[in-house]
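Quick notes on the structure that follows.
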Amino acid sequence: MALAERVQNIIEGPKPVEGRLTAAIENQTSKVPSGVYFNLAMASIATSLTIAATTRKVEWANFVGHWASAFMLIGIYNKLVKQQNRADR
């Protein structure tokens, strides 16, 4: 095996194999449009502002407001899964 082939094998490496559960979850979640997660994040921010403005429950407003980052992160993961699935085809 030539040096160039060895280097190429090291760079590419073995393709990771997903577990059945992970593949099943990714298959289902990739069907959800990415905009859904963005809208959920914006809704959690709006709900947090509403709770803070209309009640004195600041803890609840903060709790709901923190959901936005989780929804955005899930949306990013969803987008990456979709791109990976397109690249594998």
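Laboratory data are not the source of any read-out in this text; all were calculated from the coordinates shown. Because the structure is predicted, anything quoted here is derived from the model rather than measured. Virtual Cβ from ideal backbone geometry, glycine too; neighbours counted across all protein chains shown.
Spin-label model, residue 69 to residue 53: label points 7 Å out along the Cα-to-beta-carbon direction sit 2.4 nm apart. Run the helix sum for the chain: -39,500 (n - 2.57) per DSSP H stretch of 4+ residues, divided by residue count, reported at 222 nm to the nearest 500 deg cm²/dmol. Result for the chain: -26000 deg cm²/dmol, rounded to the nearest 500.
Projecting the Cα positions of 41, 72, 84 onto the charge dipole of the chain (unit charges on Cβ atoms of Lys, Arg, Asp and Glu, taken about the Cα centre) puts 41 furthest along the positive direction.
What the Kirkwood sum gives for the chain is a hydrodynamic radius of 16.1 Å, with every pair of different alpha carbons counted. Taking the average, over residues, of other Cβ atoms within 10 Å as the packing measure, peptides 25-33, 72-80 rank 72-80, 25-33 from highest down. When peptides 4-10, 41-47 are sorted by average Cβ neighbour count within 10 Å, with the highest value leading, the order is 41-47, 4-10.
Label sites at residue 86 and residue 6, each approximated as a point 7 angstrom past Cα along Cα to Cβ, lie 3.8 nm apart.
If you plug the beta carbon distance of residue 60 and residue 27 into 1/(1 + (r/R0)^6) with R0 = 35 Å, you get a FRET efficiency near 0.50.
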